[in-house]
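Have a look at the structure below, then the notes.
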Amino acid sequence: MAFRRRTRMISFRVSENEFEKLKTESESVGVGSVSDYARLNLCRGANPGPPGELEARIHQLDGKVQNLSSHLERLVSLVERTHDAVIQNPPSPSNKWQGGEICPSK
């Protein structure tokens, strides 16, 4: 992508509180300056995309988060069951893992 020289300027004033908020937000997302952050947000706001696109994306992400949460719950349950089984029946030195299960399945 070619660099386009910026030749136009827009100027507006903000309160001290507004500036601090913009500064904090620009730093939290890693944008170089408050001006860059303001430019990115103004340009993005001027062309937000098709109606409903943001809501659809949020709905899609919500489904993915719920799916991850379900997988995480299953993983935690598996780890807890494995931990409990090992505590109840610790493997002996002669019972080394050789591709099979050390602990009996519940």
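Values for this structure:
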quantity	calculated
Gained length - Arg6 relative to Glu80, 0.36 nm times residue gap less alpha-carbon distance	20.8 nm
Alpha-carbon radius of gyration plus Dmax, which is the widest Cα pair, for the stretch 50-89 in Å	17.5, 59
Segment Gln88-Cys43, extension gain: residue separation times 0.36 nm, minus the distance between their alpha carbons	10.1 nm
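Read-outs: derived from the displayed coordinates by stated rules, not from any lab. Being a predicted model, the structure only gives us computed values, none of them experimental.
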